[in-house]
Amino acid sequence: MLIVDVEPRELPIAALRALSEEAPDDAIRSILHEAVSTSGFEVAVAWRLDREAFVLRCAGAWQDPEGPVAPAFEAESSRRTFGYGEGLPGFTWARGATMFVPDLAAEPLFLRLASAEPAGLRTAVAFPLRLGGEVIGVLELYDRKARVPDAPELGAMAVLEAPLALALARVAAAEERGRVEESLGLLLDAGQALGSGTELGPRLAAVAERAARWIRGFCLVHLLEAGGARLAAVDHEDPAKAALLRQPCMQKSPALDSTKSPLARVMRSGVAHVMPEASDAMLAATIDDDEALAILRAVTITAGMLVPIVWQGRALGAITLATSCKDRRVVGTDVKVAEELARRIALAVVTDRATRDEREAARAARAAMDRTKRLHAITRRLSFALTAAQVAEVVVDQARTEMGAHAGSVFLLDEERGALVVARAAGYAGSVVDPFQLIPLETRVPLADAVRDRQPVFLPTVEDYLARYPHLGQVERDQKSLAFAALPLIAQGRVLGAMGLSLAGTRRLDEAEQRFLESVAEHCAQALERARLYDVERRAREENDRLYRASQAAVRAREDLLAIVSHDLRNPLVAIKLGAAQLGRDAGDDARILNKTALILRSADRMDRMIRDLLDASRIETGGLALSVGREDVRAVVREAIEHFKPLATPKGIQIEELLPDEALFAEIDRERVLQILWNLVGNAIKFTPEGGLVTLRLAQEGSCARIEVADSGPGIRSDHLPHVFDRYFHAETNKASGTGLGLFIADGLVRAHGGTIHVESEPGVGARFWFTLPLGEGAA
């Protein structure tokens with residue numbers, strides 16, 4: 001093979017006319033015709049660079065149509081591709097220079113000798129076709145004569161380089177434009193199909209049908225599910241071959257851990273697999289199933305690709321696209337189109353699964369709501385059942401209605417006899433019920449098993465029933481059930497009996513219905529326990545009534561005694577106070593008498609408070625405490641208490657800190673009783689706070705309540721005393737304890753009478769903190 005110099009000539013008019021007036025393919029043939037005519041060679045072949053595959057492909061050939069000299073050679077050239085440096089076209093492309101082959105038979109780089117030699121082709125010359133300085137193709141000229149063209153002859157042929165290169169560029173542009181339009185059409189049609197409102201299966205089938213036409217072969221769509229990969233859609237542009245691909249053997253998918261299957265690798269790795277050329281050996285090496293291999297051989301695969309269906313990094317399946325056409329190649333842009341198609345399928349799959357999950361969740365929610373309503377109907381009826389017989393009647397009749405059962409029963413456990421005794425049975429034939437009025441616990445029947453094992457027995461079908469209890473075949477035939485359930489009735493860890501339910505028709509017990517029956521059994525057991533307690537309560541009621549009457553009599557006696565004592569004590573107290581006051585007025589400036597009368601008055605006041613405390617405590621205990629409620633400003637009440645106690649705190653150097661809101665805080669309260677609460681709490685705080693200490697009163701709104709807090713810096717309250725500070729007559733162990741011990745008991749009763757609560761916290765050596773709440777009533781922010 002020789003490199004020769006070329007002297008270009010002027011462009012021939014015929015080539016220019018063909019380039020401007022004819023379609024690209026026709027222009028190439030016309031220019032090749034011109035090359036043969038002007039050069040004297042007999043055969044011309046043009047090669048075009050496929051940039052995607054980086055190979056030369058035949059763009060056209062010409063020889064005298066009336067007497068072709070090498071038809072087999074032309075046919076082989078049209079099928080072949082040449083890589084860089086491969087064969088005469090590839091070598092010319094690589095060297096970028098005109099190559100002359102004086103003897104084809106003697107040239108080892110010539111790869112088409114098998115078809116050229118029978119036609120008698122001996123000599124060849126090849127020209128690189130450049131556009132913009134880049135080789136975009138090659139022109140070959142062949143002749144049967146042994147000839148050596150000189151430079152002028154080669155120059156005459158080389159003038160066709162420019163028009164032929166332009167024609168090749170037009171072909172490439174048209175092919176690229178066609179490929180883009182076809183790919184866009186595929187994606188548009190697929191988007192419309194996937195966006196329709198039908199089920200996912202028909203949508204994937206429509207996409208597979210369109211993709212098969214695009215690839216000019218077939219399309220398989222596999223989706224990953226819990227059990228592995230499933231063939232979700234399949235189609236071929238040839239209906240007969242599509243039918244082959246739908247054979248049962250093609251529905252089988254490879255194991256996902258298979259190392260041989262490209263499909264398994266793609267779904268595992270999430271990386272596309274491209275087959276620029278497919279061979280029978282390659283198919284045989286990757287397909288284990290002989291039937292599937294035979295079908296793939298029958299449909300013919302020349303090239304293909306497998307693209308993963310991925311969503312947010314998670315593999316959902318894969319698309320297989322294979323062409324059965326030798327002229328259809330798989331190039332890089334095809335892979336990009338397939339990946340976009342896979343992305344759209346992934347979105348449709350995810351959306352469909354989300355929709356199905358949503359529908360299933362809605363169905364489950366409706367079923368759960370239905371079960372809740374049914375359970376509510378049963379529990380509502382049970383709430384009115386006072387005896388075991390009434391409970392059994394409700395459960396059997398209501399559960400049969402709500403479950404659509406044809407029969408049901410409730411048996412109660414007789415522990416002394418070690419047997420189940422029927423409490424209620426309905427819907428069963430007499431031949432079924434009569435032998436089972438009393439069932440010893442060792443009997444091999446569902447109800448006894450449920451009680452012994454303390455576990456439900458669910459038999460979803462007749463076959464399950466007879467397999468477990470073959471000796472009850474006659475019973476099953478008599479009751480004609482489809483499913484049976486026996487559940488133990490257990491309350492507070494104690495077995496009370498069992499309930500049974502027989503379903504007929506097409507109803508089966510799924511897991512949710514089984515849980516529903518367990519809830520019914522639980523409520524039944526609780527109702528039976530309530531019935532037992534009700535019976536115990538009924539028997540004890542007369543004794544309780546007697547004790548109540550006795551206690552009421554004692555309360556009345558105590559009230560009478562307190563009334564007498566308080567009345568008889570108050571009369572002399574009034575006389576004492578009046579006498580002491582008169583003595584004080586008559587004493588003038590006699591300090592000794594004035595001190596004595598002041599002592600008498602203080603003692604009388606203290607005794608009066610003690611009487612009032614006793615009366616209040618009694619009213620609190622008997623529920624006879626009355627409040628005079630009105631709409632009052634709580635802040636003003638607290639401030640009044642502060643002003644009352646300041647003169648008592650000042651001599652001890654105790655500071656009273658007030659933390660009150662800026663605005664009024666109104667509530668429905670008994671003003672005097674709230675002041676009484678504060679006098680108890682603040683009085684105690686001042687009494688137990690050492691000189692120079694601090695007493696804090698805080699008022700704030702807490703939700704719908706007013707919270708009033710009294711804190712001191714005194715010695716505090718021992719932790720073992722805290723639970724008892726509000727007890728009647730309680731005194732903490734302190735040398736300052738005095739009075740009746742009813743102050744905090746009364747404060748607690750007054751707070752509760754207002755609908756509030758009172759609390760205490762204390763740490764010894766740090767102080768105590770009391771706080772209580774008063775409801776603000778309607779309209780509270």
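Table for the structure above
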{"read-out": "Within segment 245-264, tally of residues that are surrounded by fewer than 19 Cβ atoms within 10 Å (Cβ to Cβ), hydrophobic (A, V, I, L, M, F, W, C) and in contact (Cβ under 8 Å) with a residue 40 or more places away in the chain", "value": "2"}
{"read-out": "Inter-residue pairs, beta-carbon under 9 Å, first within 18 Å of Y84 (Cα to Cα) and among the acidic types (D, E) and in segment 97-125, second modelled with pLDDT under 90 and open to solvent by 10 Å² or more (accessible area, probe 1.4 Å), 6+ apart", "value": "E107/M1"}
{"read-out": "Count of segment 265-285 residues which are surrounded by fewer than 18 Cβ atoms within 10 Å (Cβ to Cβ) and β-branched (V, I, T)", "value": "2"}
{"read-out": "Strands (runs of 3 or more DSSP E) lying entirely in segment 401-457 (those with 1 or more residues that are of a type in the set (K, R))", "value": "419-426"}
{"read-out": "Any hit, segment 195-214, residues being farther than 27 Å from L244 by Cβ and modelled with pLDDT under 75", "value": "yes"}
{"read-out": "Some residue of segment 564-572 being open to solvent by less than 50 Å² (accessible area, probe 1.4 Å), closer than 23 Å to L742 by Cα, at pLDDT below 75 and not hydrophobic (A, V, I, L, M, F, W, C)", "value": "yes"}
{"read-out": "The lone exception for Q390 - which of (1) closer than 23 Å to L533 by Cβ; (2) in a helix (DSSP H, G or I); (3) open to solvent by less than 50 Å² (accessible area, probe 1.4 Å) it fails", "value": "(3)"}
{"read-out": "Failed condition for E415, given (1) under 27 Å from E511 (Cβ atoms); (2) loosely packed, with under 14 Cβ neighbours inside 10 Å", "value": "(1)"}
{"read-out": "Some residue of segment 309-324 being open to solvent by 40 Å² or more (accessible area, probe 1.4 Å), of a type in the set (S, T, N, Q) and in contact (Cβ under 8 Å) with a residue 24 or more places away in the chain", "value": "no"}
{"read-out": "Tally of residues being among the hydrophobic types (A, V, I, L, M, F, W, C), in a strand (DSSP E or B) and out of contact with any helix residue (DSSP H, G or I) (no Cβ under 9 Å at 6 or more places or on another chain) across segment 755-770", "value": "0"}
{"read-out": "Single residue of segment 42-85 satisfying the filter (touching a helix residue (DSSP H, G or I) at 6+ places or on another chain (Cβ under 6 Å) and more than 18 Å from A124 (Cβ to Cβ)) that is most open to solvent (accessible area, probe 1.4 Å)", "value": "Y84"}
{"read-out": "Filter result (in contact with a Gly (Cβ under 9 Å, 6 or more places away or on another chain), among the small types (G, A, S) and either closer than 18 Å to C705 by Cβ or without any contact (Cβ under 8 Å) to a residue 40 or more places away in the chain (or both)) within segment 654-690", "value": "A667"}
{"read-out": "Any hit, segment 34-41, residues being open to solvent by 20 Å² or more (accessible area, probe 1.4 Å) and either more than 12 Å from L141 (Cβ to Cβ) or at pLDDT 90 or above (or both)", "value": "no"}
{"read-out": "Of all residues in segment 527-540 being open to solvent by less than 90 Å² (accessible area, probe 1.4 Å) and free of Cβ contacts under 8 Å to residues at least 24 places away in the same chain, the one that is nearest to the chain's Cα centre (by Cα)", "value": "L533"}
{"read-out": "Residue match in segment 261-272 (condition: under 23 Å from the mean Cα position of the chain (by Cα) and modelled with pLDDT of 85 or more)", "value": "no"}
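Residue-by-condition table, conditions (1) under 16 Å from S77 (Cβ atoms); (2) part of a loop (DSSP other than H, G, I, E, B); (3) at pLDDT 90 or above; (4) open to solvent by 10 Å² or more (accessible area, probe 1.4 Å):
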| residue | (1), (2), (3), (4) |
| --- | --- |
| P108 | no, yes, no, yes |
| L111 | yes, yes, yes, yes |
| S115 | yes, no, yes, yes |
| A126 | yes, no, yes, no |
| R130 | no, no, no, yes |
| E140 | yes, no, yes, no |
| P149 | no, yes, no, yes |
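The values are calculated or read from the model by the stated rules, or taken from the named source; none is laboratory data. These numbers were taken from a predicted model, which means no experiment stands behind them. Backbone-built Cβ (ideal geometry, glycine too); neighbour counts: all protein chains shown. Accessible surface is based on the protein model in full, side chains and every heavy atom, while ligands, DNA and RNA are left aside. Shrake-Rupley method; radii C 1.70, N 1.55, O 1.52, S 1.80 Å.
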